[in-house]
Amino acid sequence: MDGRMVRYMIALCVAFVAVACSTTSRLGEGEVLYTGVKKLRVNVPDTVEVPGGVSDNIKSTINVKPNNSLYSPYVRHPFPLGLWLYNHWSEDEKGIKGWIYRKFVEQPVLISDVRPDLRVKMMEDMLAKNGFFGATSTYELLYDKRNPKKARVNYTVNLPAPKRISEVILLDDTTELSGQINKIARRDSYLRVGEIFCNDSLADVRNKVADRLRNRGYYFFRPEYLTFKADSTITENGIALKLVYGSNIPEKALRKYVVGNVTTRILLNKGGGYADTIRTNKGTIVQMKPSKLRDGLIPSCITLRKGQEMRVRSLSTTQSYLSRLGIFNTVSLTVTPLDSVRTDSLDVDILCRFDTPLESQFEVNLTSKSNSYLGPGLSYGITNRNIFGGAERLSLKLNGAYEWQIGKIDNGERRSKFSSYEIGLDMELAFPRLLAPKFLKAIKREQSWTRLTLGGDIMNRPHFFRMVQFNLGINYDWMSSRFSKNQVTLFELKYNKLLHTTPEFDATMAENYAIAQSFQDQFIPKLGYTYTYDRGFRHDRRHVTLQASVIDGGNLFSGIWGLAGANGQKTLFGTPFSQFIKGTVQLVYSHKISGDHKLVGRVYTGAAHAYGNSSEVPYTEQFYIGGANSLRAFAVRSIGPGSYHSDREANDGYYDQTGTFRFEMNLEYRFPIAGMLKGALFVDAGNIWLLKDDPARPGGKLTGSGFFKDMALGTGVGLRFDMGMIVVRGDLGVGLHLPYDTGRSGYYNLRFKDSLAFNLAIGYPF
């Protein structure tokens, strides 16, 4: 490293050390640095309850981020590097110094930028619009005692009793349109005597009325064509509302329309081609050839028909159905009047442009432990989105993973050895409809999917065994509502077979009957159902995802064999099949604190139980914990079950670190750093347990008294490079507690150098 580079590094270090120096030296006369809100005080009468939306609006009015904000606008981190650079360096800096300045400098946020005098007026106006007429708000500047060029702000809000709705007068019911409006308004839950007056709620009523009218033929009707007149002089604390038409309503907004001609144009991805026109009961379809597209596919997605009432819902549904096919990169709809004579009809033009037919995806996952083991995983997939011309998707995915020991000391010398690997190939053929009997026709219209799967996997653990697995299955996917997704595993059959075992592995199996049974050659027939609820609240500031699944293994086969008179252990082609029940539940909650600052939590639990034809749950269906998407401070299959710890070297004893019960909690704070670079702080806790006692794995059974003591705990920091379509994630985990005896006393029972784990992965962990 040359002297110049050394100087730059020293300058950078000095910059970080000097963050405690002045951050106000460049401020002009009378300029004061804004350092956030000290306190927000809201005074309300004892009998008044402030609605949650009003409280949020009060907070948002004063939510101006100060420099180096951590929790805006109340908490700042103590490293104002950007302000220090602004005050002590200049934009004329060259080289690395200039790059540091341009990347990290922050313009100071001043009191004059925040305008607390304006914010209290905004607050009073907002409160009046929400029924709190006569509310007052004030502010106070709290100057820093050591530096009067810095100040925080105190806000005080005084709320009176709110005005409530005392009377609602609707339109004169003289036309079909007025009757429709009144009917919709009467059903609204807000327009009730006694409700707190709220401009936003009235706006919601107008939006609801307009939305429903636009789905009843009144395509050009807009919310602004209705208004509420408010009279607060009739009663002391009441407001009378009168619904009236707005001024200057265009004639077309009062007219009811039907669908005219529907024309769908299908363009090639790169343009060009020659036109092929066909006419259907769903309109005219113009497809640019050469392209492969089944004749009935596009009509099945169009919910518009000439002469029917024009409905906005039908337009959006059609667009959604066409987009969900996954073969177009553009789907747009245009609505125009048919002509000047037949003004009751609207033409619909649909434009679709093909996407590239092939899609490839590459993912990498790397775990590094301080015990010299690397555990990377790779996958490469390629998908044909339109294999047969009916939006059928054919996907091929190659998966690989291995554990590699590096730098291990052996007899005074370093050595490297290839420890183990796993490689598999999966194929999926998906149809954009249910291949099902006619009685499921209603579901078939919802653009559901049928998925046929076929795959194989080989797992090689050189010191223990080599196992092969084959699987095939059929699944149904469909949306039962805007937020609810359903998946039914109609049938799935797996086959596990041990190809080779070592004497060491055989000896272990002889000692542990439970593990031996989970590894036996067997068929695994399954039926299953998964329900997913995914919904955002309050403009997606809060987001909830709930996923629950249940798997039934072997019961159908067992019932058929039982009806046939089979007794004892039942087999398929001379090989036993497993019989078990398995269920999992996962809840993910995301809360947007401010801007790109988010707090995300996850709770996961699952249980599996073998019975009937099996004494143990198959090894591939048992739970494990650790890794990039679980407890990030610990390697995959390095913990549990319970307080059990293998006598063998941990990296070779992982096969007995599975269980039939899993519980895990994760909490992550996500925050922006610069541009696409994001940061995270996380805490993970959890473990796996056995529902049946296993003498060979003492401490592994789930007990109420040992549940919390058996929870492993880790924390860490992460960086994410979020490019929108793809997220590259690196997490550095630090283990805090292991549930077994590590030779160290106290709750923190790990040496720091042995507690580190690095995970490189694609996508967010949850």
> Expressed as a rounded percentage, what relative contact order does region 164-254 have, with Cα pairs under 8 Å and six or more residues apart?
Replying inline: 36 percent
> Which whole-number percent is the relative contact order of region 3-158 (Cα, under 8 Å, 6+ apart)?
Replying inline: 32 percent
>> Students often get this wrong, so check it: of Lys65/Lys103; Lys150/Lys753; Lys229/Lys485, which have C-alpha atoms separated by over 31 Å?
In response: Lys150/Lys753; Lys229/Lys485
> For Lys526, which lysines qualify as cross-link partners when the Cα separation must be under 17 Å and same-chain residues fewer than eight apart are set aside?
Replying inline: Lys494, Lys570, Lys582
> Under 21 Å Cα-Cα from Lys145, which lysines qualify once same-chain neighbours fewer than 8 residues away are excluded?
Replying inline: Lys38, Lys39
>> Students often get this wrong, so try it: which of [x] 27.3; [y] 28.5; [z] 32.1 is Kirkwood radius over Cα pairs in Å as calculated from the structure shown?
In response: [z]
> In this model, which of Lys94/Lys149; Lys183/Lys208; Lys59/Lys592; Lys121/Lys208; Lys183/Lys242; Lys163/Lys208 are farther than 19 Å apart at the alpha-carbon?
Replying inline: Lys94/Lys149; Lys121/Lys208; Lys163/Lys208
> What lysines sit close enough to Lys289 to cross-link, taking a C-alpha to C-alpha distance under 28 Å and skipping anything fewer than 8 places away on the same chain?
Replying inline: Lys270, Lys306
> If you stretched the chain out fully between Ala566 and Met723, how much longer would it get, using 0.36 nm times the residue separation minus the C-alpha to C-alpha distance?
Replying inline: 50.7 nm
> Any idea what Rg and Dmax come out to for region 530-653 if you just take the C-alpha atoms, in Å?
Replying inline: 20.4, 66
> Given a cut-off of under 8 Å on Cα pairs at least six residues apart, what relative contact order in percent is computed for the chain?
Replying inline: 6 percent
> How far, in nm, would the chain grow between Val286 and Leu454 when pulled straight, counting 0.36 nm per residue and subtracting the alpha carbon separation?
Replying inline: 56.8 nm
> How long is the gain from Phe104 to His463 if the chain were fully straight, where each residue apart is worth 0.36 nm and the alpha carbon distance is subtracted?
Replying inline: 124.1 nm
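Read-outs throughout are calculated quantities, based only on the coordinates presented, and are distinct from any laboratory measurement. Nothing here was measured: the structure is a model prediction, and the numbers come from that model.
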